[in-house]
Amino acid sequence: MDYYSWLKALHVIAIIAWMAGLLYLPRLFVYHVDAPTGSEQARTFEIMERRLLRAIMNPAMIVVWITGLALTFWAGWYKSGWLHAKVALVVVLTAAHMYFARQRRLLAEGRNDNTSGFYRAINEIPTVLMIGIVILVIVKPF
Ligand code: HEM
């Protein structure tokens, strides 16, 4: 039984769930900020955002970290330059997750002062990071 491959499969499954949330949550913010505060529509966005973060993104992020670190120590990848660069980008991705979680709370409390254009712009951050991370782990350029 090739347990390393099973672990890598679990890693990729968790990545897909986490990335789906990282790409969708700021998109929800784009529409949420334009909904009148206290409206039925705003309440629906609040529920969607809270469930996405708590039921999918937080657990998926934890599984990505645990499986990623397990793969690293299993195969001794911690000596490789690409892994160091990848972890640096994943740290930034995790910081983006934390920032989105904070914005979700501020929006729910009616204390948001960002525009929909701002959320449209920061929506691109996880995409750019993901492209860099995937190239590093697949191509392993150094
Ligand atoms: C700190 C968190 C992470 C660590 C320590 C980590 C580490 C690793 C390691 C050691 C492998 C196995 C590489 C191999 O066997 O060739 C792997 C596979 C992979 N990782 Fe991560 N990873 C992390 C997070 C992520 C994230 C956030 C993404 C994407 C956004 C990602 C994308 C991938 C992909 C696509 C593979 C499969 C590569 C292949 O099949 O060759 N990882 N990761």
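The values are calculated or read from the model by the stated rules, or taken from the named source; none is laboratory data. Just so it is clear, the structure is predicted and the values come from calculations on it, not from any experiment. When we count neighbours, we look across all protein chains shown, and the Cβ atoms used for this are built from the backbone with ideal geometry, even at glycine. Just the protein is used for accessible areas: all its heavy atoms, side chains included, with ligands, DNA and RNA removed. Shrake-Rupley method; radii C 1.70, N 1.55, O 1.52, S 1.80 Å.
Before we move on, is ILE125 more than 9 Å from the ligand (Cβ to nearest atom) and either open to solvent by 40 Å² or more (accessible area, probe 1.4 Å) or basic (Lys, Arg) (or both)? Yes: the conditions hold for ILE125.
Just the residues that are of a type in the set (S, T, N, Q) and under 16 Å from MET19 (Cα atoms), please, taken from region 32-69. Across region 32-69, the qualifying residues are ASN58, THR67. Pairing residues of region 83-98 that are closer than 17 Å to ILE62 by Cβ and of a type outside the set (A, V, I, L, M) with residues that are within 9 Å of the ligand (Cβ to nearest atom) and open to solvent by 30 Å² or more (accessible area, probe 1.4 Å), at Cβ distances under 9 Å and at least 6 apart in sequence or on separate chains, gives THR94/TRP65. Within region 1-33, how many residues turn out to be over 19 Å from THR127 (Cα atoms) and within 11 Å of the ligand (Cβ to nearest atom)? So the count comes out to 6.
For first residues located in region 10-31 and touching a residue at least 24 places away in the same chain (Cβ under 8 Å) and closer than 16 Å to ARG105 by Cα, partners that are among the small types (Gly, Ala, Ser) and open to solvent by less than 30 Å² (accessible area, probe 1.4 Å) and lie 6+ apart or on another chain with Cβ distances below 6 Å form the pairs VAL30/SER116.
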